[in-house]
1. Can you confirm whether region 316-330 contains a residue that is modelled with pLDDT of 95 or more, surrounded by fewer than 24 Cβ atoms within 10 Å (Cβ to Cβ), of a type outside the set (Phe, Trp, Tyr) and assigned to a strand (DSSP E or B)?
2. For a quick check of your reading: which helices (runs of 4 or more DSSP H) sit entirely within region 1-103 and have at least 1 residues that are buried (at least 23 other Cβ atoms within 10 Å of the Cβ) and within 16 Å of the ligand (Cβ to nearest atom)?
3. Can you tell me which residue is farthest from the chain's Cα centre (by Cα) among those in region 125-176 that are aliphatic (A, V, I, L, M) and part of a loop (DSSP other than H, G, I, E, B)?
4. Within region 201-222, is there a residue that is over 29 Å from Thr9 (Cβ atoms), touching a helix residue (DSSP H, G or I) at 6+ places or on another chain (Cβ under 7 Å) and surrounded by fewer than 16 Cβ atoms within 10 Å (Cβ to Cβ)?
5. Could we say that Gln474 is under 19 Å from Tyr47 (Cβ atoms) and surrounded by fewer than 18 Cβ atoms within 10 Å (Cβ to Cβ) here?
6. Would you mind telling me which numbered condition in (1) touching a helix residue (DSSP H, G or I) at 6+ places or on another chain (Cβ under 8 Å); (2) within 30 Å of Glu292 (Cα to Cα) Lys230 fails?
7. When you check Ala172 against the structure, is it at pLDDT 95 or above, closer than 27 Å to Arg16 by Cβ and either aliphatic (A, V, I, L, M) or surrounded by fewer than 17 Cβ atoms within 10 Å (Cβ to Cβ) (or both), yes or no?
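The values are calculated or read from the model by the stated rules, or taken from the named source; none is laboratory data. Computed from a predicted structure; not experimentally measured. Note that we place each Cβ from the backbone using ideal geometry, even for glycine, and neighbour counts take in every protein chain shown.
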Amino acid sequence: MLAKPNVITIITDQQRLDSLGCAGSSFVNTPNLNRLAGNGAFFTRAYCSNPVCTPSRASILSGCYVSKHGAWNVGMNVPQDVKFLSHHLHPVGYRTHYVGKAHLNASGGPKDKSLEAQIDEDTVVDGPYYGFETVELTRGHSLRGVTGHYAQWVKQKLGDGLPDEFPAEEKASYNFGGTACEWDMPLELHNSTWVAERSAAFIEEMESSDQPFLLCCGFQDPHHPHALPKEYAAQLEPEKIPLPAYREGELMDKPPHFAMARRGELCISEFRGGFAVAGQGDSPGYEDVTDEEARLGKAYYYGMVELIDQAVGRIISALEKTGQLANTLIIFTTDHGELLGDHGIWMKGPFHYEQIVNVPLIMSWPKHIPQGMVVDEMVSLVDVAPTVLSLCREPIPHSMDGVDLVPMLKGQQNQAREHVLIECIDDPDRLRLKTIVTKQHKLTYYLEKDFGELYDLVEDPEELVNLWSNPDKQQVKIALLKRIIDTQEGLERRAERLSYA
Ligand SMILES: [Ca+2]
């Protein structure tokens, strides 16, 4: 019998598709990720299921859309009965381990209600955790992310305890979410270095084991604050980075919360629910971001991706050195993208622009996934879990909403799906979005609102012309609305029918 493959899922945080050299970007240097893509399949139209952390991560690991798994926003725990890849693979002999940022629990709030909320500089969470037998977790991002197992590791490296802080100098006079921060954090102690080193250590441990493994690597970057070790920041060439794409007046035909986000008014608007709008927080707005600040903020962001690239190189080289590369399926993706000032807005949230929802996805397993394959057909990150199970020759549970991509990867199918669904519930009483994306169109329905969005992605790839109210497009609009209802019906909870009556 053939041995089961090892599986490594690498999930970064808030990474844009254009942050990869293999996506055609000349201003970012990602040799290791380009090579990984060249050794496998690179997807140019992979869509996340939700524009923020927890819901999207739960979808990647469970193969279910947000309506099905129920973790509808950040600040909450993924329900314990949701089954992840770890729950499916551990009982069939897999050793399961997680290193890095998970964000499957609320990051704050009452500590007795969330394990991850307990993580701080002195407190770690060891697992078992959501089907992973062991975990080494951290919480937060860059300047605010030296916590949990990562903090313990830094302390051990320094020998004489953790300094009160690693100081950082902000390059903009106010924090708009994309501010560049020059950070007094040595490269060898950076969070991406930690994820690489601990992942490599696990891979080395597994060299002599008969068990296959599932390793999940969760990078905290390139999530804001955009902070880089001084030594790395010095090498940046911000002048090479394109300025954000924004045309004055382009938000006029959009739902009102778009322009409010730009003006920094979301937090005081009718769209704010019990908490600030996820992905925007109490942002002061972006109208005053200068070209110089924007370019620098973007340069630091892409620099953070380059550090991830180097870390991924170390993880792959640990597989090579231990002779496990040929039998390891590697998935590289992220939870959602980032606007970086495009359309006049930074970060993410209830704006389903391509920069937020069309995300990086690479799958590599030499001899099993065609090398150098570029997949331009649409896929969803809910397809990751069923595809992993298929490649591990394990049954795919009916409860998964994702489809098995293997027939498409093997050339037996031209396309895996006709549309993808993206859901966002910012607040059950406020902004709720259902987006359907097809080959040509993208429609976003806002529940109980008079506004909506419709784009022709072929004619208008920059999503500048909202066709929602265009009289000539009402047939298309009705067809896409029908698809949302059809898709939603499939997510309803259904008990198993056992007999006629
Ligand atoms: Ca995230």
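1. yes
2. Of the helices (runs of 4 or more DSSP H) lying wholly inside region 1-103, those with at least 1 residues that are buried (at least 23 other Cβ atoms within 10 Å of the Cβ) and within 16 Å of the ligand (Cβ to nearest atom) span 53-62, 66-69.
3. Leu162
4. Keep residues of region 201-222 that are over 29 Å from Thr9 (Cβ atoms), which gives none.
Checked against the condition, which is being over 29 Å from Thr9 (Cβ atoms), touching a helix residue (DSSP H, G or I) at 6+ places or on another chain (Cβ under 7 Å) and surrounded by fewer than 16 Cβ atoms within 10 Å (Cβ to Cβ), region 201-222 yields no hits at all.
5. Details: under 19 Å from Tyr47 (Cβ atoms): no; surrounded by fewer than 18 Cβ atoms within 10 Å (Cβ to Cβ): yes.
No; evaluated as a whole, the condition is false for this residue.
6. (1)
7. For Ala172, the condition - at pLDDT 95 or above, closer than 27 Å to Arg16 by Cβ and either aliphatic (A, V, I, L, M) or surrounded by fewer than 17 Cβ atoms within 10 Å (Cβ to Cβ) (or both) - is not met.
Each row is one residue, and each column tells you yes or no for (1) more than 23 Å from Asn32 (Cβ to Cβ); (2) crowded, with 23+ Cβ neighbours inside 10 Å; (3) among the small types (Gly, Ala, Ser).
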{"residue": "Gln156", "(1), (2), (3)": "yes, no, no"}
{"residue": "Phe166", "(1), (2), (3)": "yes, no, no"}
{"residue": "Glu188", "(1), (2), (3)": "no, no, no"}
{"residue": "Asn191", "(1), (2), (3)": "no, yes, no"}
{"residue": "Glu237", "(1), (2), (3)": "no, no, no"}
